[in-house]
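Here is the structure we will look at, set down as structure tokens.
The values are calculated or read from the model by the stated rules, or taken from the named source; none is laboratory data. This one's a predicted model, so the numbers in the text were calculated from it and none came from an experiment. As a convention, Cβ positions derive from the backbone with ideal geometry for all residues, glycine included, and neighbour counts pool all protein chains shown.
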């Protein structure tokens, strides 16, 4: 077992302990966070990439959406009732979940824009080449040189 | 003669009406009034503006029968009994000879002569003319009945001009000595004053014989053999009943050995009382047999030997001729020469001697005979006229291979060797002149031999079949004619000029180095039109001929293929426009510069290669662009992730701020 894997393993263990403690001491917060972060958790398990870039990217969006309910929960001192009430409020739930989707959408939109700009550049380049090719073929003859074979041979006995 | 230079004012010699030509500001030639030929040359009416009573004719030597090369020198010879040539003029573009009109009928129409009248009225006056010619170092070579005029009464006859036709060209056979008779008329050359004395003697014999029966200028072999065997005097005057004095005079004048003939000075006071003794030619007691002929003289041996070279070489090789010369004729020096040649011959295995060896044998046997080369006899100074004659359309009086033989002989050095061997002194200068002309004219191929005609005779008119009738002997006149009435024939093998026009222009411009520059082009791969343009442009610039709009317009349509050398369409169009503009201004030099610009062509070629490379590269790029999928590379994707993350962070901070504020 490598050092990293061992550290990962022990970290997992600490994560599990922390989660258990959080559930025990702060059940309202834990409930709200788990439910609101559900798309991220699902994405985390479905994302096969090494560094979970997608999840990390979606995280700040999720944070942005979570700040307001967390504040309300904080004001009611982390009561489970408040947490449940907040979870029952569809606006809170949909906003949190859609914000994760928004992160993904922003990325796709950025990629699309990049793709389009590249395509535009390449077609511009293509047009330039075609124009230059036409210019050259208008400017120059392309048939073999007429005089290289000796066009007119004067007859020897011409008088 | 004005030579090949442009006269300052081209139109000075020619008045508005081209039929009236003014020469030297005083002689007005009426080219529409043809008079009877004089000395075998077409004659026209002419008036002297300064002297109303002068009776003159204007002679117009045709292109194929040009005036003598030394015509202007001959025109300076004056004698009371000669129809004086006053002017030999070329300022009108053609050679015109202004000459006294003959008074009285030619001798061909008056043939009843007594011996004393003949001596006083024919031989003495013509001898005086020949004396003047001899003093000037030239020959007349046109003493024949139709060129001697009898004014009637007791006045002496007058000799017609000898400069208007090639030397001895029109002489009937009986007025020519053997040394000239062997050659075809064109190959006779100027000869010596002794040949003129012979002609005078022959004229006298003809008149005493009652005239009649003028022979053709070309003699058959049988007639030549008769003259050789019997001697010219015997053949021409043997049948006449003459007084012993006149017979002796004629025998001397008609001697076959030129050294035995009297000089013109001896004849000045020829009379019935003055005695002449004719030296007899040395004749062998025992004949030598060559082929089927038995000969007794070296001349006959040389003539038969030329016809039968194998037999002659055999005799020389076996030493028969050497012994015959020593014992029968006492010619030890010639015999020694024969021994040397015999040794040379035994080294070579061939039965027939090589042409130079045969030439040497013949020249050694009789140094008075013309040069013999592969069956053709000719004098070296006649080579220009032979070149002219060989160009007569439809075959002239010379054999078609004659030019080739001459070139071969000249290139082998035979002309100079012959000049050493012959007894005729003028041949040496002639051989050197011919060699100089061959060198200056860069005559290296038979096809170029026509240049000799122009180089050796400054008055030779252009021999092109298109303009021979115009007698254009000055370069500017040909340019003017080309510029004006000439319409080029549509032929793939020639451009504007034909071979003769080219040779004529090159030869006339040879002093400016035209031949060195343009004469050597083999012409392969070059359009004839381009070469003609280059030559005409040189002529135009060197002779300041002014704009030649006509020539430019005639050449212009044929330059289109040459423009295709430029692959760049813009350059080509621009050049075409410039060319047309130059043609419209008649500037051939500018046209030649535009159309023959190797540096520009080379640049165009390299630019074309660059363009081709660029095209290939661009095509490849185009293909590559087509292949490339519009995919997002991982790098960009990572960047976009960071951008999206950063946006998310911003949103988170914004949301936090909002929460804090509210």
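Criterion first (touching a residue at least 40 places away in the same chain (Cβ under 8 Å), buried (at least 24 other Cβ atoms within 10 Å of the Cβ) and in contact with a strand residue (DSSP E or B) (Cβ under 7 Å, 6 or more places away or on another chain)) does residue B:142 satisfy it?
no
Looking at the stretch B:487-510, which of the residues that are over 22 Å from the mean Cα position of the chain (by Cα) and free of Cβ contacts under 8 Å to residues at least 40 places away in the same chain is nearest to residue B:89 (Cα to Cα)?
B:489
Tell me which residues, restricted to the stretch B:123-151, are part of a helix (DSSP H, G or I) and either within 12 Å of residue B:82 (Cα to Cα) or not assigned by TED's automatic domain parsing to the domain that holds residue B:164 (or both).
B:125, B:126, B:127, B:128, B:129, B:130, B:131, B:132, B:133, B:147
Residues that are touching a strand residue (DSSP E or B) at 6+ places or on another chain (Cβ under 8 Å), at least 3 per element: which helices (runs of 4 or more DSSP H) completely within the stretch B:536-641 meet that?
On the way: elements: B:549-555, B:560-563, B:569-584, B:588-595, B:598-627.
Output list reads B:598-627.
Checking the conditions here, which among A:98, A:107, A:112, A:102 is at pLDDT 85 or above and within 7 Å of chain B (Cβ to nearest Cβ)?
Testing whether each residue is at pLDDT 85 or above and within 7 Å of chain B (Cβ to nearest Cβ) leaves just A:107.
For the stretch B:178-187, state whether one or more residues are more than 24 Å from residue B:74 (Cα to Cα) and within 30 Å of the chain's Cα centre (by Cα).
yes
Just to be sure before I move on: is residue B:186 in contact with a helix residue (DSSP H, G or I) (Cβ under 9 Å, 6 or more places away or on another chain), touching a residue at least 24 places away in the same chain (Cβ under 8 Å) and in a helix (DSSP H, G or I) in the structure I sent? Outline the logic, then answer.
On the way: in contact with a helix residue (DSSP H, G or I) (Cβ under 9 Å, 6 or more places away or on another chain): yes; touching a residue at least 24 places away in the same chain (Cβ under 8 Å): yes; in a helix (DSSP H, G or I): yes.
Yes, satisfied.
Can you tell me which of (1) at pLDDT below 80; (2) over 30 Å from residue A:106 (Cα atoms) is the one residue A:48 doesn't meet?
Answer for residue A:48: the failing condition is (2).
Any idea which residue in the stretch B:616-627 is farthest from the chain's Cα centre (by Cα), counting only those that are within 7 Å of another protein chain (Cβ to nearest Cβ) and modelled with pLDDT under 90?
B:625
For the stretch B:246-275, give me each residue that is closer than 19 Å to residue B:114 by Cβ and modelled with pLDDT under 90.
Within the stretch B:246-275, B:269, B:270, B:271, B:272, B:273, B:274 meet the criteria.
What helices (runs of 4 or more DSSP H) completely inside the stretch B:355-428 contain at least 3 residues that are under 23 Å from residue B:317 (Cα atoms)?
Once the helices (runs of 4 or more DSSP H) in the stretch B:355-428 are filtered for at least 3 residues that are under 23 Å from residue B:317 (Cα atoms), what remains is B:355-365, B:414-421.
Enumerate the pairs (first residue in the stretch A:112-132 and under 15 Å from residue B:637 (Cβ atoms); second residue anywhere and surrounded by 11 or more Cβ atoms within 10 Å (Cβ to Cβ)) with beta-carbon separation below 8 Å, excluding pairs fewer than 6 apart on the same chain, so at least 6 apart or on different chains.
A:114/B:632; A:114/B:636; A:114/B:640; A:115/B:630; A:115/B:632; A:118/B:630; A:118/B:632
Which one is surrounded by the most Cβ atoms within 10 Å (Cβ to Cβ), of the residues in the stretch B:255-284 that are free of Cβ contacts under 8 Å to residues at least 60 places away in the same chain and touching a helix residue (DSSP H, G or I) at 6+ places or on another chain (Cβ under 6 Å)?
Ranking the qualifying residues of the stretch B:255-284, first place goes to B:278.
In the stretch A:51-72, is there at least one residue being at pLDDT below 80, at negative phi and either surrounded by fewer than 16 Cβ atoms within 10 Å (Cβ to Cβ) or out of contact with any helix residue (DSSP H, G or I) (no Cβ under 6 Å at 6 or more places or on another chain) (or both)?
Scanning the stretch A:51-72, I find at least one residue that is at pLDDT below 80, at negative phi and either surrounded by fewer than 16 Cβ atoms within 10 Å (Cβ to Cβ) or out of contact with any helix residue (DSSP H, G or I) (no Cβ under 6 Å at 6 or more places or on another chain) (or both), so the answer is yes.
Please report, ordered by residue number, the helices (runs of 4 or more DSSP H) entirely within the stretch B:283-328 with at least 2 residues that are touching a strand residue (DSSP E or B) at 6+ places or on another chain (Cβ under 6 Å).
Output list reads B:298-307.
What pairs come out if I take residues in the stretch B:634-648 that are more than 7 Å from chain A (Cβ to nearest Cβ) and pair them with residues that are assigned to a helix (DSSP H, G or I) whose C-beta lies under 8 Å away, six or more apart or interchain?
Pairs that qualify, where the first residue is more than 7 Å from chain A (Cβ to nearest Cβ) and the partner is assigned to a helix (DSSP H, G or I), are B:638/A:53.
Looking at (1) surrounded by fewer than 17 Cβ atoms within 10 Å (Cβ to Cβ); (2) in contact with a strand residue (DSSP E or B) (Cβ under 6 Å, 6 or more places away or on another chain); (3) over 28 Å from residue B:213 (Cβ atoms), which is the one condition that is false for residue B:85?
With respect to (1) surrounded by fewer than 17 Cβ atoms within 10 Å (Cβ to Cβ); (2) in contact with a strand residue (DSSP E or B) (Cβ under 6 Å, 6 or more places away or on another chain); (3) over 28 Å from residue B:213 (Cβ atoms), residue B:85 is out only on (1).
Can we say residue B:362 is more than 30 Å from residue B:454 (Cα to Cα), outside the structural domain of residue B:503 (by TED's automatic domain parsing) and modelled with pLDDT of 90 or more?
In short, yes.
Kindly indicate whether residue B:495 is within 14 Å of chain A (Cβ to nearest Cβ), in a loop (DSSP other than H, G, I, E, B), touching a helix residue (DSSP H, G or I) at 6+ places or on another chain (Cβ under 7 Å) and more than 22 Å from residue B:32 (Cα to Cα). Break it down stepwise before answering.
Numbers: within 14 Å of chain A (Cβ to nearest Cβ): yes; in a loop (DSSP other than H, G, I, E, B): yes; touching a helix residue (DSSP H, G or I) at 6+ places or on another chain (Cβ under 7 Å): yes; more than 22 Å from residue B:32 (Cα to Cα): yes.
Judged against the criteria, residue B:495 is a match.
For residue B:46, which of the numbered conditions (1) over 26 Å from residue B:193 (Cβ atoms); (2) modelled with pLDDT under 90 fails to hold?
For residue B:46, the exception is condition (2).
In the stretch A:131-142, what count of residues is obtained for those that are more than 7 Å from chain B (Cβ to nearest Cβ) and modelled with pLDDT of 90 or more?
3
Select from the stretch B:94-120 the residues that are part of a loop (DSSP other than H, G, I, E, B) and either closer than 19 Å to residue B:151 by Cβ or at pLDDT below 90 (or both) and list them in ascending order.
Scanning the stretch B:94-120 gives B:101, B:102, B:103, B:104, B:110, B:111, B:112, B:113, B:114.
For residue B:466, indicate whether it is more than 26 Å from residue B:74 (Cα to Cα), at pLDDT below 90 and part of a helix (DSSP H, G or I).
no
Any idea which of (1) more than 11 Å from chain A (Cβ to nearest Cβ); (2) out of contact with any helix residue (DSSP H, G or I) (no Cβ under 8 Å at 6 or more places or on another chain); (3) over 30 Å from residue A:96 (Cα atoms) is the one residue B:580 doesn't satisfy?
(2)
Which condition number in (1) in contact with a helix residue (DSSP H, G or I) (Cβ under 6 Å, 6 or more places away or on another chain); (2) more than 14 Å from chain A (Cβ to nearest Cβ); (3) not in a loop (DSSP other than H, G, I, E, B) is the one that residue B:451 fails?
(2) is the only condition that residue B:451 fails.
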